[in-house]
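Trainee: The structure follows.
The values are calculated or read from the model by the stated rules, or taken from the named source; none is laboratory data. Remember, predicted model here, so these are calculated numbers, not experimental data. When we count neighbours, we look across all protein chains shown, and the Cβ atoms used for this are built from the backbone with ideal geometry, even at glycine. When the accessible area is computed, the model is the full protein with side chains, heavy atoms only, and any ligands, DNA or RNA have been set aside. Shrake-Rupley method; radii C 1.70, N 1.55, O 1.52, S 1.80 Å.
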Amino acid sequence: MSKQRQDLLIYFSFHLVFYNYLLYVFILLEKQRVRNAVLAIAAVVIVVGIPLWWKTTETYRAWLPYSEISQLDSLQLQLSVDIEVVFSRGTLTPEQQKKVPLSHVNVKEHQVDAKTGLRYKYETRYRTATIMEEDALNQPTAAEADLSLHMLSENSCGSVVVYVIPESSALLPVDVKVYVGQRRTALLRSPPFTSSWSLKEVLSNLDVDVKQVVSTMSFGHQDIVAALSNRVRMTKVNKESMADSMRTIKSSPGYEITFSLLNPDPKSHSLHWDIEGAVQSYIQPLLNKLAPIANFSVDSQILYYAVLGVNPRFDNSVSAYTLGADSLSHVINPVEARLGSNAASSNPVLNFLLYVPDAHHSPLYIRDHSKREVPSNAFHSPRWGGIMVYNVNEMYGPEAERPVDININMAKVMGVFLAQLRLMLGVQRTHPPTGFVLQSPGSAGLADWELDRLLWSRSVENIATASTTITSLAQLLDQIGNIVINDNIAQQVSSAVTSLQSAVAELEAGNLAFALHYSREAILASERAFFDPSLLHLLYFPDDQKFAIYIPLFLPMCVPIVLSLLKTVSEAKQRLADKQAKRD
């Protein structure tokens, strides 16, 4: 029995050792399989998963011309003006005429601030008048001479032509030194010269008057600096130019002009106004001239029972109701709520209101800060429009049958609205020197040289606005890396940069019309890019929202993989340490 027990013990011991060995081998194989699985999963995640996730979640950012945009941050503008001085018969001696024609270039530089500079280039060409120009200058009046000279040749946009006439010429009154016409020409009475003077001395003596003519008919430095208000501080501008800039509506591709007739008392007054004919006669010629600057649309409306937001005060001294300058600011808001707006257009609106007081508050007069009655009986609000009070109480007696039919004098009304519209659109008031006479623009509403002054300012304003918009957009896109820059935005930015470069080049070459065209394209493209909807919804996308999305997705998957990798690395280090210990 003892022998059998020993055999059984040996048998079971052998099998126990054998199974333990198999278990050990199985455990080793399992550990190796787990280790390989962990390494395989980690390899797949690192080699395939992370690149695939990175590529599929990558923010698409089209290429932008950052180097060219950075150059626009430092704006150096050159404005070139072509000046032509034409000497008529009797202003130069035969010896002096032999040295004509000739030219002269004068350059002035102004550093507005650290990043903005202005350079004015005046290229003056001198010549003698042709036979046809001499015939035109023999007209009986300066206005007829100006028209005849215009019929001979049309001067380029932005240029100035000065015709020097003899001192004894009867074309100008005795006390008039310079006559500025409706076009781009001026008549200058020749200063007293002596035959012994050289041509250089004559031109030097004439240069002062020519500069005054150019400063009147072309741009002024303060007007150009005011046009740069989007780039420079307004402290660089004098008070008058600052006031004009604050009054002028900002540059836009289009404007909506609305004429409104306010009749607060339709039971007493039946008002009739020929607004369509008045617009065609007085407003449309001005808008036709301003067509290169913007697109205009005109509409009109009649509002009944529309009253002012303030109660006028009765003044016994004049037996009339008055509105003081302090109360005018409270008039607009209540009336504006009745005007409505064109929801289909995003263009700025200029409102011109004709208010006919009711019978209980007539007559009604507007007074300025000095308590004096305003001759036009109207006022304007900067960048909004104007309001005119039209009294009709003198047109009928107390026994008249109500409502009284009243036909409004549109010539009187449109004269006021036209002057206000010119101010709103940036046609600055010119203060000529003593001895200057400026011809009225007449039915055109705007002289050619006035249009040129406006084109200079608007071109510079558009360039300044577009360059500021593009540089701001580039800085924004560079700082916020998760904003998608699609191909449309990149195209608009590239188009704006190209148009800006072309506008600056055309301005430097003196091609004012082309400079305005390219500057308009630049501001349109820059604003389309800046306000693109695809940019706005990602503009303020916080990082904590990213973590809130990715942590529930990746954390349950990454924790086991990372722990297994750490364990595998630890075991590998332990095996290396054991092998090293055995060797030692």
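Trainee: Taking strands (runs of 3 or more DSSP E) that do not extend beyond the range 282-388, which have at least 1 residues that are open to solvent by 80 Å² or more (accessible area, probe 1.4 Å)?
Mentor: Working: elements: 295-304, 313-315, 320-323, 349-355, 364-366, 378-381.
Correct list: 295-304, 313-315.
Trainee: Here is a follow-up. Filter the range 314-335 down to the residues that are without any contact (Cβ under 8 Å) to a residue 24 or more places away in the chain and more than 25 Å from Pro382 (Cα to Cα) and list them by number.
Mentor: Phe314, Asp315, Asn316, Ser317, Ser319 - these are the residues of the range 314-335 that are without any contact (Cβ under 8 Å) to a residue 24 or more places away in the chain and more than 25 Å from Pro382 (Cα to Cα).
Trainee: Looking at Trp456, is it part of a helix (DSSP H, G or I), over 13 Å from the mean Cα position of the chain (by Cα), within 20 Å of Ser229 (Cβ to Cβ) and of a type outside the set (Val, Ile, Thr)?
Mentor: So Trp456 fits the description; yes.
Trainee: Say whether the condition of being among the polar types (S, T, N, Q) and touching a residue at least 40 places away in the same chain (Cβ under 8 Å) is met by at least one residue in the range 132-145.
Mentor: No.
Trainee: Gln111 passes all but one of (1) within 17 Å of Val162 (Cα to Cα); (2) open to solvent by 20 Å² or more (accessible area, probe 1.4 Å); which number fails?
Mentor: (1)
Trainee: If you don't mind, another one. In this structure, is Ser459 more than 30 Å from Ser376 (Cα to Cα), at pLDDT 90 or above, surrounded by fewer than 21 Cβ atoms within 10 Å (Cβ to Cβ) and out of contact with any His (no Cβ under 6 Å at 6 or more places or on another chain)?
Mentor: No: the conditions fail for Ser459.
Trainee: Could you grab me the full set of residues in the range 421-447 that are in a helix (DSSP H, G or I) and either surrounded by fewer than 21 Cβ atoms within 10 Å (Cβ to Cβ) or hydroxyl-bearing (Ser, Thr, Tyr) (or both)? Break it down stepwise before answering.
Mentor: Kept after step one, since they are in a helix (DSSP H, G or I), are these residues of the range 421-447: 421-424, 442-444.
Within the range 421-447, Arg422, Leu423, Gly442, Ser443, Ala444 meet the criteria.
Trainee: Let me confirm something: among Ser88, Ser67, which residue is in contact with a helix residue (DSSP H, G or I) (Cβ under 9 Å, 6 or more places away or on another chain), among the polar types (S, T, N, Q) and either closer than 21 Å to Ser159 by Cβ or not assigned by the TED database to the domain that holds Ala186 (or both)?
Mentor: It is Ser88.
Trainee: In the range 198-218, is there at least one residue being touching a strand residue (DSSP E or B) at 6+ places or on another chain (Cβ under 8 Å), buried (at least 19 other Cβ atoms within 10 Å of the Cβ), at pLDDT 80 or above and over 30 Å from Arg89 (Cα atoms)?
Mentor: Scanning the range 198-218 turns up no residue that is touching a strand residue (DSSP E or B) at 6+ places or on another chain (Cβ under 8 Å), buried (at least 19 other Cβ atoms within 10 Å of the Cβ), at pLDDT 80 or above and over 30 Å from Arg89 (Cα atoms).
Trainee: Let me ask something else about it. Given (1) touching an Asp or Glu at 6+ places or on another chain (Cβ under 8 Å); (2) surrounded by 16 or more Cβ atoms within 10 Å (Cβ to Cβ), where does Tyr66 come up short, assuming only one miss?
Mentor: (2)
Trainee: Residues in the range 408-415: is at least one in contact with a Pro (Cβ under 6 Å, 6 or more places away or on another chain), part of a loop (DSSP other than H, G, I, E, B) and in the same structural domain as Val310 (by the TED database)? I'd like the intermediate steps shown before the answer.
Mentor: At the first step, the residues of the range 408-415 found to be in contact with a Pro (Cβ under 6 Å, 6 or more places away or on another chain) are none.
Within the range 408-415, not a single residue is in contact with a Pro (Cβ under 6 Å, 6 or more places away or on another chain), part of a loop (DSSP other than H, G, I, E, B) and in the same structural domain as Val310 (by the TED database).
Trainee: Scan the range 284-302 for residues that are more than 17 Å from Asn347 (Cα to Cα) and more than 20 Å from the chain's Cα centre (by Cα) and report the count.
Mentor: 6
Trainee: What number goes with the only condition from (1) surrounded by 12 or more Cβ atoms within 10 Å (Cβ to Cβ); (2) out of contact with any Phe, Trp or Tyr (no Cβ under 6 Å at 6 or more places or on another chain) that Val484 does not pass?
Mentor: (2)
Trainee: Any chance the range 263-277 includes a residue that's touching a strand residue (DSSP E or B) at 6+ places or on another chain (Cβ under 9 Å) and more than 22 Å from Pro403 (Cβ to Cβ)?
Mentor: Within the range 263-277, one or more residues are touching a strand residue (DSSP E or B) at 6+ places or on another chain (Cβ under 9 Å) and more than 22 Å from Pro403 (Cβ to Cβ).
Trainee: Name, by its number, the condition in (1) over 18 Å from Ser519 (Cα atoms); (2) surrounded by fewer than 22 Cβ atoms within 10 Å (Cβ to Cβ) that does not hold for Ile489.
Mentor: Against the list (1) over 18 Å from Ser519 (Cα atoms); (2) surrounded by fewer than 22 Cβ atoms within 10 Å (Cβ to Cβ), Ile489 comes up short only on (2).
Trainee: Using beta carbons and a limit of 6 Å, which pairs, at least six apart or on different chains, have the first residue in the range 567-580 and in the same structural domain as Leu39 (by the TED database) and the second one open to solvent by less than 70 Å² (accessible area, probe 1.4 Å)?
Mentor: Thr568/Arg35; Thr568/Val38
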